Structure formats: C-alpha cells, structure tokens
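Chemist: Structure below; questions to follow.
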Amino acid sequence: MRTFGVEEELLLVGGPALDPMPAGEAVSGPDRETTSGHQVTMELQQEQIEVVSPPRTTLAGQLEAVRTGRALADRAARRSGGRVAALATAPGGVSPHMAPVPRYARIGRQFGVTARENLTNGFHVHVGVASREEAVAALDRIRVWLPPLLALSGNSPFWQGADTGYASYRHRVMSRWPVSGPTEVFGSAEAYDRHRDLLLATEVPLDTGMFYYDARPSERYSTLEVRIADVVPDAAAAAVIASLVRALVETAARDPAARVPAVPVSELRVWSWMASRSGVNGRLVDPATGRPASTGDVVGRLLDAVRPVLADYGEEAAVETVVARVLREGTGADLQRRAYAAHGEVRDVVAAVLRATHEPTALMAE
C-alpha cells in the first residue's frame, strides 16, 4: 500500500480568554522528536507549532497518528500553561510574534507585513511516490480535484475578530505570498525543476520551502505534498482528507497515460476561491464541466473518481461515512460560527474547537 503522512499546524492558546499564546519555542524545542516517531517543531509564528506524523499505510493508522500527535503536542503545551487547538486562523485579534529562527527573520525582512501577519495553520499530506517523475505526473492530474478538498476542510472563518464571510480565509491569506495557489501543468519532472530554478533565480522566494503551492513535489522526501487544506478539528475528518489525497495520487499513478485536464491556473484560482468562500454550504466548480454544481454533487464526483482505490484499500465505507457527516453537519467553519452565535464571544469559538480537536471521533458511524 502507498504510504502517506501528515503535518498539522496547530494554534497555541492559553489563559482565561484562550488567547493565542506565543510559546512555540518553549513547546517545541529544537525539532523535538518523540518515541512514537512524531516531531513537534516551531513554525513561522510563536503562536503556532507543527506536528509531523510518521508515515502510515492505512486510514485507521492515520487516524491514530493524528490523535497521538495532537495529544503529544497538547501535553507539551500544558507544560507551558497552554493548549493546542486545530484552528486554521486565530479567531480574535492578535499581533503574532515571529519565531527566533534566522530563516524566519530573513522572511520577515523580505516580505514585510505579509510575513508579520501570517498566522495560519494548514494540513499537509505527504504521499509516497516511486520517483519525482511520478510526483509531477500525479500533480498534473490531481490539481483540478484540490478545491473540493479545500471545501471539506474549511476551518478559518474569522480573522482579527471579524467574520470574513469565508469558510477558509486561511487560503486567501496564503494567496498573498508570491509563490502560492494552483500550479501549471508541467508534463515532466524536468519541466517542473526548470520552473523551480527560474523562480529561485529571481531571488524572491528565499528557497523552495517558500513554494506555498496547493501541492508540490517535496524537495526533501520522495513524496508529493498536498497543502491546500485547512487544519481541521475533527481528527477523523483529517484522516479521511489524507486518505482522499492518497487515493487521488494512487489513481493518477495507476493510469499515467490518462488525459491531463488542461485547466489554466487563472481558472483554478477561481475554483479555489469558490471553495474557500462557501466551504460545503454552497456550490463548487465541477471539474467535468467547468460550471458550478452543488457541493454534494462535486464531492460525489471526487469520491467516484477514487472509488476503485478506496475499495482496494478497504477504506470506501469509512471515507463515505465521514464525508457524509461533514456535508451534513458542516466543517470547522460552521462549528466556529455556531459557537460564536450563542453569545458573540471569541472565547466560545476557541473553546468549541479545542474540545473538538481532542474528541475521540469515529471513522464509522456507531
């Protein structure tokens, strides 16, 4: 079975108001590695940390890895008087503190307010590939299916204390970076590497770590990294999103001669905008037609596209159960808005997501 692993960026919160807590350095330590194979590392801002989980081969194993990583990070945060919550943006007002890392200081000098304000938490899925050529071929084929994944993960409706009207405002914030969003169709690893080198030659991105694309071939591992999703409160939904990413890559790898959808980047940006705006509560662009359709229909097409792989992996029923739950009950954005509607308090939003982050949610209906 094709391996896959996840990286979760989590918000550090603390105090009676559950405000963002600038304790990333204390909580993570220098690339602290655990006996479980997880790593808890610093991110750009002191108010966030990243949990890197070891690769897994099953959906159940991925769920266990997500839960274990969150528990480890939470224990580390508690030692500093805080907690970790799967919030893709901080709901209330915050002035982030950049982590004391030389690379981050360079980013701050180069990108100014874009870097200073960037407190966003994503969910990154690494899928094992046989070669860089396979990674780029899969990237070319799965790019049209990434907006539905963004819709299923939407978990950042608030920014600086205000409701933005978006399910994933994080994705809008990430679009401020010069290298971000959807990718072109490259056709080969050589073409991707040529594109990469031309961008680096401009001296705008400091390194390939600043290629904040929705998906990219990893420069460190033999993986394709899909980065479009918000971090999500429901651990089971996180594991299922990772499973869908793996199924997309495996589907592409099984038929390398399949036609590559030649959708321009300008169109894909619009598709992603629609997904970030409405989440699961509106319409998405159907990759088959290029026209809007109900979210349920588009997500159904996604499931149909990867169903043979899900069936082979024994994950079809569990994935469909959790996806149906998300479509029925909403995403983290809907959870946040329900919590805020009760009393108009940002603390209630953080508390609701904090509870959901650590709830033992199930893959299958009880």
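Chemist: In nanometres, what is the gap between the two model label sites at Glu329 and Ala341, each 7 Å from Cα along Cα-to-Cβ?
Modeler: 1.6 nm
Chemist: Evaluate the distance, in nm, between pseudo-label points positioned 7 Å from the Cα of Glu267 and of Arg176 along their respective Cα→Cβ axes.
Modeler: 3.1 nm
Chemist: Of all alpha-carbon pairs in the range 19-174, indicate the percentage at a distance above 28 angstrom.
Modeler: The answer is 28 percent, as a whole percent.
Chemist: Averaged per residue, what accessible surface does the range 1-125 expose to a 1.4 Å probe, in Å²?
Modeler: With all protein chains present, the range 1-125 gives 38 Å² per residue.
Chemist: From the phi of every residue in the range 13-24, what ³J(HN,Hα) in whole Hz does the Karplus formula 6.51 cos²θ - 1.76 cosθ + 1.60 yield, where θ is phi - 60° and glycine or proline is x?
Modeler: Values, residue by residue: 10, x, x, x, 8, 6, 6, x, 10, x, 10, x Hz.
Chemist: What is the calculated FRET efficiency for Asp197 to Glu25, with r their C-beta to C-beta distance and R₀ = 35 Å, to the nearest 0.05?
Modeler: 0.55
Chemist: Within the range 210-250, list the trypsin sites (Lys or Arg not before Pro) lying in a DSSP loop whose Cβ has at most 10 other Cβ atoms in a 10 Å radius. Show your work: numbers first, answer last.
Modeler: Numbers: sites: Arg220, Arg227, Arg246; in loops: Arg220.
The qualifying sites are Arg220.
Chemist: Would you mind giving the three semi-axes, in whole Å and largest first, of the ellipsoid equivalent to the range 59-135 according to its Cα gyration tensor? Walk me through the numbers before you get to the answer.
Modeler: On the way: eigenvalues 146, 104, 29 Å².
Here the semi-axes work out to 27, 23, 12 Å.
Chemist: Calculate the spin-label point distance for Leu206 paired with Ala288, positioning each point 7 Å from the Cα along the beta-carbon direction, and give it in nanometres.
Modeler: Those two pseudo-labels are separated by 4.6 nm.
Chemist: Quick one: Karplus J couplings for the range 257-267, per residue in order, coefficients 6.51, -1.76, 1.60, θ = phi - 60°, nearest Hz, x for Gly and Pro?
Modeler: 8, 4, 4, 8, x, 8, 7, x, 4, 4, 6
Chemist: Now for a separate question. Just for the chain, what percent of DSSP beta bridges are antiparallel, to the closest 5?
Modeler: So the antiparallel bridges in the chain amount to around 95 percent.
Chemist: Sticking with this one: Based on Cα coordinates alone, diagonalise the gyration tensor for the chain, multiply each eigenvalue by 5, take square roots, and list the semi-axes in whole Å, largest first.
Modeler: 29, 24, 20
Chemist: Which log10 I(q)/I(0) values does the range 109-248 give at q = 0.13, 0.14, 0.19 Å⁻¹ under the Debye formula, counting every alpha carbon as one identical point scatterer?
Modeler: Listed by q, the Debye log ratios stand at -0.59, -0.68, -1.18.
Chemist: Can you run the Rg to Rh ratio on the range 125-207? Use alpha carbon positions and the Kirkwood inverse-distance Rh.
Modeler: Rounded to two decimals, Rg over Rh is 1.04.
Chemist: Please report how far the C-alpha centroid of the range 284-327 lies from that of the range 99-172, rounded to the nearest whole angstrom.
Modeler: 22 Å
Chemist: With θ taken as phi - 60° and the coefficients 6.51, -1.76 and 1.60, list the Karplus ³J(HN,Hα) couplings across the range 101-114 in order, rounded to whole Hz; mark glycine and proline as x.
Modeler: Going residue by residue, I get 10, x, 4, 5, 5, 5, 4, x, 5, 6, 10, x, 5, 4 Hz, with x marking Gly and Pro.
Chemist: Can you give me the accessible area per residue for the range 246-320, using a 1.4 Å probe, in Å²?
Modeler: 47 Å²
The values are calculated or read from the model by the stated rules, or taken from the named source; none is laboratory data. Since the model is a prediction, treat every value here as computed from it, not as a measurement. Heads up, the Cβs are rebuilt from the backbone with ideal geometry, glycines too, and the neighbour counts pull from every protein chain shown. The area values use the complete protein model at the heavy-atom level, side chains included, leaving out ligands, DNA and RNA. Shrake-Rupley method; radii C 1.70, N 1.55, O 1.52, S 1.80 Å.
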